[in-house]
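What follows is one structure encoded as structure tokens, with my remarks underneath.
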Amino acid sequence: MMIGMSAIPHQARYADRRARLAAQLGAGGVAIVPTAAQRSRNRDSEYLFRFDSYFYYLTGFTEPRSWLVLSAEGHATLFCQPKDLEREIWDGIRLGPQAAPGALGVNEAYSVDELDARLPKLLENRATVWYPFAIHAGLEGRVDGWLQKVRARVRYGALCPDAQRDLCRPLDEMRLIKDAHEIGVMQRAAQISAQAHLRAMRRSAATLRAGQDLREYHLDAELLHEFRQHGSQYPAYGSIVAAGANACVLHYRADAAAVRNGDLVLIDAGCELDGYASDITRTFPANGSFSGPQRDLYDLVLASQHAAVAATGPGRRFVDPHDATVEVLAQGMLDLGLLNHNDVGHLDDVIEQRRYLRFYMHRTGHWLGLDVHDVGSYVEPSELGQISERRDPLSGETIKDRPSRILRPGMVLTIEPGLYVSPAAGVPEHFWNMGIRIEDDAVVTETGCELITRGVPVQADEIEAVMRG
């Protein structure tokens with residue numbers, strides 16, 4: 001249990017979320033929301049526990065073995081670990097069912113050991129049972145078991161829910177728009193992460209100037225130190241610290257590779273603070289000075305990010321930043337000789353035939369929030385019925401497209417263009433083994449977007465200045 005996060009403040013925030021969700025369950029609806037399961041790491045040791053994001057969003061509660069049951073009338077029942085003085089000596093203080101209603105603002109609470117006995121009664125005479133589909137292993141089977149016990153009572157007049165629905169859909173829509181509190185936490189997480197990136201940049205240049213051995217894990221250690229130094233509970237994801245050619249592996253993890261003079265280093269890392277993620281990528285010269293070819297590619301990626309930022313704002317589509325990025329990158333690939341006009345044609349041909357995928361193979365962003373790849377549909381809900389078909393020029397398969405999500409204030413997304421150049425015939429050798437990505441976190445505002453991660457610079461001259469310091 002994380003004691004610092006379990007003295008839950010702001011009960012009204014979670015009560016309001018539960019009330020908004022309850023209003024969407026329909027007459028006779030009831031929702032079941034478990035937290036995450038604890039996982040064994042080896043023999044008698046467990047992975048650090050991290051709560052389920054949906055459960056935390058509705059309760060603010062961080063203890064394992066906890067469940068929320070919410071009725072359409074707004075009645076909230078919590079199941080949590082019972083007080084146990086012997087276990088608390090080993091594992092930490094538990095809130096317990098007696099204190100939970102006052103601390104969390106729920107209507108009633110019971111020991112989790114009573115879950116199987118009490119759940120059928122909570123489902124009895126309800127119309128629809130909601131729970132998150134395909135997330136918690138074995139949950140569907142447990143729900144079936146509880147419903148079987150309800151069906152066993154129909155001869156006594158009990159009614160059994162005759163519908164099951166995915167709770168993720170309404171919760172995803174709620175979580176997609178962040179409130180002021182959430183944005184404030186994410187801003188603080190972004191500040192911490194930005195300082196961590198600066199720390200790693202400075203360590204890299206100083207170590208190489210001193211002629212000392214430098215490894216990817218040294219830079220990873222600088223990130224982790226800064227995260228914890230400022231109160232972050234965890235990294236938001238496994239940090240990517242990739243030197244030289246390793247940066248061309250998109251999900252490379254920090255390892256023992258040497259960081260050498262002349263290398264570019266790509267760091268994709270962000271902390272999690274009070275449940276909320278940050279996500280920053282910076283690419284910098286290990287010794288603090290870009291070479292000419294490195295600067296050429298870096299400036300191209302940065303120009304594409306500027307275009308993507310300009311395309312991010314209320315009323316725009318989620319796909320707009322990606323389209324803006326691709327146009328700039330594709331033209332740059334032609335200008336720099338990564339793509340040959342004689343082979344691929346002109347800009348429109350490169351985009352239409354997706355010839356740029358050789359060097360830019362991922363999307364330009366994703367939602368960000370309680371999960372680093374946060375929930376929320378990328379399709380505009382009001383336009384689900386509008387379907388167009390196109391033939392993919394690479395695979396030949398027919399793809400059904402629906403209108404991309406319209407951006408609205410309070411949405412938070414990443415903007416992360418990149419270029420990845422592996423050695424190959426026809427590719428200028430001075431660009432080989434360069435992987436460059438620049439990623440910032442953007443809050444959609446009433447007038448555009450705010451980048452909350454610019455505490456670490458992106459301009460090449462500014463990066464070099466930081467590393468000289």
Two pseudo-spin positions, 7 Å from Cα along C-beta at GLU429 and at ALA99, lie apart in nanometres by 6.9 nm
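Tell me the net charge near LYS121. Cut-off is 10 Å between Cβ atoms, LYS121 excluded, with +1 for each Lys or Arg and -1 for each Asp or Glu. Let's see the in-between values first.
Details: positive: ARG118, LYS149, ARG153; negative: GLU124.
My count for the surroundings of LYS121 gives +2.
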Sequence order, the range 24-31: Karplus ³J(HN,Hα) from phi using 6.51 cos²θ - 1.76 cosθ + 1.60, θ = phi - 60°, Hz rounded, Gly and Pro as x, gives 9, 7, x, 4, x, x, 9, 10
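Using 0.36 nm times the number of residues separating HIS75 and ASP392, minus their current alpha carbon distance, what extension gain do you get? Provide the component values of the computation, followed by the final result.
Numbers: separation 317, 0.36 × 317 = 114.12 nm, distance 4.95 nm.
Separation in residues times 0.36 nm, less the Cα-Cα distance, equals 109.2 nm.
If each DSSP helix of 4+ residues adds -39,500 (n - 2.57) and the sum is divided by the residues in the chain, what number results at 222 nm, nearest 500 deg cm²/dmol? Display every interim value, and only then the final one.
On the way: 15 runs with 165 residues, N = 469.
Computed mean residue ellipticity for the chain: -10500 deg cm²/dmol.
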Please give the helix 292-310 orientation as an angle from the longest Cα principal axis of the chain, in degrees from 0 to 90, rounded to the nearest 10. 40 degrees
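Could you calculate the FRET efficiency of HIS373 with ALA258 from 1/(1 + (r/R0)^6), where r is the beta carbon distance between them and R0 is 30 Å, rounded to 0.05?
The computed FRET efficiency comes out at 0.45.
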To check my understanding: the extent here is largest minus smallest coordinate of the Cα atoms along each principal axis. What are those three numbers for the chain, in Å, largest first? 79, 55, 43
For a bin width of 5 Å, list the pair-distance distribution of the range 229-345 built from all Cα-Cα distances, rounded to whole %. 2, 10, 14, 15, 19, 18, 13, 6, 2, 1, 0
Helix 180-209 sits at what angle to the longest principal axis of the chain, using alpha carbons and giving 0 to 90 degrees rounded to 10? 40 degrees
Whole Å is fine, so just give me how far the alpha carbon centre of the range 323-367 lies from that of the range 301-322. 16 Å
ARG202 and GLU383 label points (each 7 Å along its Cα→Cβ direction) are spaced in nm at 4.7 nm
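Tally Lys and Arg at +1 and Asp and Glu at -1 over the other residues with C-beta under 9 Å from the C-beta of GLU416: what net charge comes out? Show your work: numbers first, answer last.
Values: positive: ARG363, ARG437; negative: ASP268, ASP279, GLU439, ASP440.
Taking every Cβ under 9 Å from that of GLU416, the sum is -2.
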Charge tally for neighbours of VAL458 with beta carbon under 10 Å away, counting Lys, Arg as +1 and Asp, Glu as -1, is -1
The range 416-435 scanned against label point 7 Å out from GLN353 along Cα→C-beta; backbone N under 19 Å for 425-428
Long-range amide H contacts for TYR131: which residues qualify at under 5 Å (H placed 1.01 Å from N, peptide plane, sequence gap of 5 or more or a different chain)? ILE32, ARG165, LEU167
FRET efficiency for GLU108 and ASP343, using Cβ-Cβ distance with R0 set to 56 Å, rounded to 0.05: 0.20
The range 177-468: relative contact order in percent, alpha carbon pairs under 8 Å with at least 6 residues between: 24 percent
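Note the full-extension length gain between ASN42 and ASP179 as 0.36 nm times their separation in residues minus their Cα-Cα distance, in nm to one decimal. Write down the numbers at each step before the final one.
Numbers: separation 137, 0.36 × 137 = 49.32 nm, distance 3.92 nm.
Between ASN42 and ASP179, full extension yields 45.4 nm more.
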Where a label projected 7 Å from the Cα of ARG408 along Cα→Cβ would reach, residues of the range 355-372 with amide N under 19 Å: 366-370
Give me the log10 of I(q) over I(0) for the range 3-174 at q = 0.15, 0.18 Å⁻¹, as the Debye formula computes it from C-alpha points; what are the numbers? -0.86, -1.20
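Values quoted throughout were computed directly from the atomic coordinates according to the rules given, and no laboratory measurement underlies them. Bear in mind that the values here come from a model prediction, so they are computed numbers and not experimental data. For neighbour counting, all protein chains shown are included, and Cβ atoms are generated from backbone atoms with ideal geometry for every residue, glycine included.
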